[in-house]
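A short write-up of the structure that comes next.
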Amino acid sequence: MLSELSLLFIDGIGFDPFFRGLLSVLVAVVVLVGGTYLLVATNTGARQGFLLSLAGLFGWMFIMGIVWTTYGLGWVGDAPQWELAEINVDDAADGDDGLLFSEIEPAQQLAGQTIVIEGIDDPDLAQAEALEAVERGDVDLGGWEYLPTSDALRGEAQAAADGFIQENDVFESGDYIPLQFGGFGFGGKEKRPADGNLAEQAWHKVKTSAQLKHPDKYMAIQVRSTIEQPTLPGEAPPVATADEEAKLVTVIMKLDRGGPIPSYLSGLRFVPTVFTIANAALFAACALALHNRDRREAEIRAAAA
């Protein structure tokens, strides 16, 4: 009976990821850390070997924490998220602006502004023409930056905007469509020049890294309700088309960096930063203990001589 229970327990460990991962970590700690301590202790003694092993462990984790903090990898905190700042409803028929949420200055600069590109069927050419129109000043975006559909940040913000629209009962799912030229960004750190040479890109990296405070960053996604189109029997559903006479709905979102001091340190890097500082303090304590031990030994040897 006891052997059967033992086999069942071993089978559970073999197939359970939690126990298997726990045992892997324990074995790694015993073999790597314990093996290092055993090797050092045989040459320097149990106490000094213990301090040397701890100093090496905390020093290695301190270096690893620096890498985690720099690149946002490893043991990190919560990633930045988009928070709803304002939903602006602009009625093109009567020119009335309805603000469903608190007013913010960047949102007012964008209210009612749209980009219209006609006569170009190729989506890529249309996006290029929209970028050129903004650069020429044909459309006054009030300091906002137009983001093409291929921009990864726009795709992330558009997914968040869909949730805010449905949560606040602005539209039901499938009753609206994001506008092709309806993605805009505002604020944040200066972007790296795409056409700059290597020296300009390097200087941009240094300049933005030295900029400790992060400016507020906003995203705006414009949507309109779709035209009702019947689906004929035996045919594919028609492609959703925006109703140009409907209200223009602009969802303004603000980036929540998280953490206790979001303007200087995001929540993503707050956890590895604390990890780095803690290991640096422990490494310094071990190094100080080794230094005091060496100093006492030197004083004893000098007195004996």
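I'm checking my understanding of the structure. Among residues of the range 209-227 that are of a type in the set (A, V, I, L, M) and farther than 27 Å from Ala85 by Cα, which one is surrounded by the most Cβ atoms within 10 Å (Cβ to Cβ)? Reasoning before the result, please.
The first filter runs over the range 209-227 and keeps only residues of a type in the set (A, V, I, L, M), leaving 210, 212, 219-221, 223, 227.
Narrowing further to those that are farther than 27 Å from Ala85 by Cα: 210, 227.
Working: Ala210: 7, Ile227: 14.
The residue in question is Ile227.
Among the residues of the range 114-144, which ones are surrounded by fewer than 16 Cβ atoms within 10 Å (Cβ to Cβ) and touching a residue at least 40 places away in the same chain (Cβ under 8 Å)?
Val116, Ile117, Pro123, Gly143
If we keep just the residues of the range 170-207 that are among the acidic types (Asp, Glu) and at pLDDT below 85, which is nearest to Leu248 (Cα to Cα)? Quick ask: steps written out before the conclusion?
The initial filter retains those residues of the range 170-207 that are among the acidic types (Asp, Glu), namely 172, 175, 190, 195, 200.
From what is left, the residues that are at pLDDT below 85 are 190, 195, 200.
Working: Glu190: 29, Asp195: 34, Glu200: 40 Å.
Step by step, filter the range 170-207, then rank; the result is Glu190.
Among (1) in a helix (DSSP H, G or I); (2) touching a residue at least 60 places away in the same chain (Cβ under 8 Å), there is one condition Glu297 misses while meeting the rest; what is its number?
If we test Glu297 against (1) in a helix (DSSP H, G or I); (2) touching a residue at least 60 places away in the same chain (Cβ under 8 Å), just (2) comes out false.
Please tell me if Lys254 is basic (Lys, Arg), more than 30 Å from Phe58 (Cβ to Cβ) and over 18 Å from the mean Cα position of the chain (by Cα). Step through it out loud before you land on a result.
Details: basic (Lys, Arg): yes; more than 30 Å from Phe58 (Cβ to Cβ): yes; over 18 Å from the mean Cα position of the chain (by Cα): no.
So Lys254 fails the test.
Every residue, every condition in (1) buried (at least 19 other Cβ atoms within 10 Å of the Cβ); (2) in a loop (DSSP other than H, G, I, E, B), yes or no:
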{"site": "Gly183", "(1), (2)": "yes, no"}
{"site": "Phe186", "(1), (2)": "yes, no"}
{"site": "Arg192", "(1), (2)": "no, yes"}
{"site": "Gln201", "(1), (2)": "no, no"}
{"site": "Lys207", "(1), (2)": "no, no"}
{"site": "Gln229", "(1), (2)": "no, yes"}
{"site": "Pro238", "(1), (2)": "no, yes"}
{"site": "Ala246", "(1), (2)": "no, yes"}
{"site": "Phe283", "(1), (2)": "yes, no"}
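Looking at the range 45-62 only, could you name the residues that are surrounded by 13 or more Cβ atoms within 10 Å (Cβ to Cβ) and aliphatic (A, V, I, L, M)? Don't jump to the end; show me each part of the working.
Going residue by residue through the range 45-62, those that are surrounded by 13 or more Cβ atoms within 10 Å (Cβ to Cβ) are 48-59, 61-62.
If the condition is that a residue be surrounded by 13 or more Cβ atoms within 10 Å (Cβ to Cβ) and aliphatic (A, V, I, L, M), then Leu51, Leu52, Leu54, Ala55, Leu57, Met61 are the ones that fit.
Listed here are the residues, each with its yes/no results for (1) over 17 Å from Phe186 (Cα atoms); (2) modelled with pLDDT of 80 or more; (3) in contact with a helix residue (DSSP H, G or I) (Cβ under 7 Å, 6 or more places away or on another chain); (4) in a helix (DSSP H, G or I).
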residue	(1), (2), (3), (4)
Asn88	no, yes, yes, no
Ala93	yes, no, no, no
Gly98	yes, no, no, no
Glu103	no, no, no, no
Gln108	no, no, no, yes
Gln113	no, no, no, no
Glu118	yes, no, no, no
Ala126	yes, yes, no, yes
Glu132	yes, yes, no, yes
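Count, please, the residues in the range 115-170 that happen to be at positive phi and among the acidic types (Asp, Glu).
We begin by selecting, within the range 115-170, every residue at positive phi; these are 119, 137, 142-143, 169.
Among the residues that remain, those that are also among the acidic types (Asp, Glu) are: 169.
Residues meeting the conditions: 1.
Of the conditions (1) assigned by TED's automatic domain parsing to the domain that holds Asn168; (2) part of a helix (DSSP H, G or I), Val223 fails just one. Which one is it?
(2)
Report, ordered by the first and then the second residue, all pairs with beta carbons closer than 7 Å, sequence separation of six or more or different chains, a first member in the range 273-286 that is hydroxyl-bearing (Ser, Thr, Tyr), and a second member that is crowded, with 17+ Cβ neighbours inside 10 Å and in a helix (DSSP H, G or I).
If the second residue must be crowded, with 17+ Cβ neighbours inside 10 Å and in a helix (DSSP H, G or I), the pairs left are Thr273/Thr69; Thr276/Phe62; Thr276/Gly65; Thr276/Thr69.
Conditions first: (1) in contact with a strand residue (DSSP E or B) (Cβ under 8 Å, 6 or more places away or on another chain); (2) of a type in the set (Asp, Glu); (3) not assigned by TED's automatic domain parsing to the domain that holds Leu179. Glu299 passes all but one, so which condition is the exception?
So the condition that Glu299 fails would be (1).
Of the numbered conditions (1) under 25 Å from Gln166 (Cβ atoms); (2) crowded, with 20+ Cβ neighbours inside 10 Å; (3) under 14 Å from the mean Cα position of the chain (by Cα), Ser266 fails exactly one; give the number of that condition.
(1)
Considering only residues that are in contact with a strand residue (DSSP E or B) (Cβ under 7 Å, 6 or more places away or on another chain) and not polar (S, T, N, Q), look in the range 248-257 and name the one that is surrounded by the most Cβ atoms within 10 Å (Cβ to Cβ).
Of the range 248-257, the ones in contact with a strand residue (DSSP E or B) (Cβ under 7 Å, 6 or more places away or on another chain) are 248-256.
With not polar (S, T, N, Q) added as a condition, the list becomes 248-249, 251-256.
Details: Leu248: 21, Val249: 24, Val251: 29, Ile252: 26, Met253: 22, Lys254: 19, Leu255: 22, Asp256: 15.
Only one residue tops the list, namely Val251.
The values are calculated or read from the model by the stated rules, or taken from the named source; none is laboratory data. These numbers come from a predicted model, not from an experiment. Here Cβ is always computed from backbone atoms with ideal geometry, including for glycine, and neighbour counts include all displayed protein chains.
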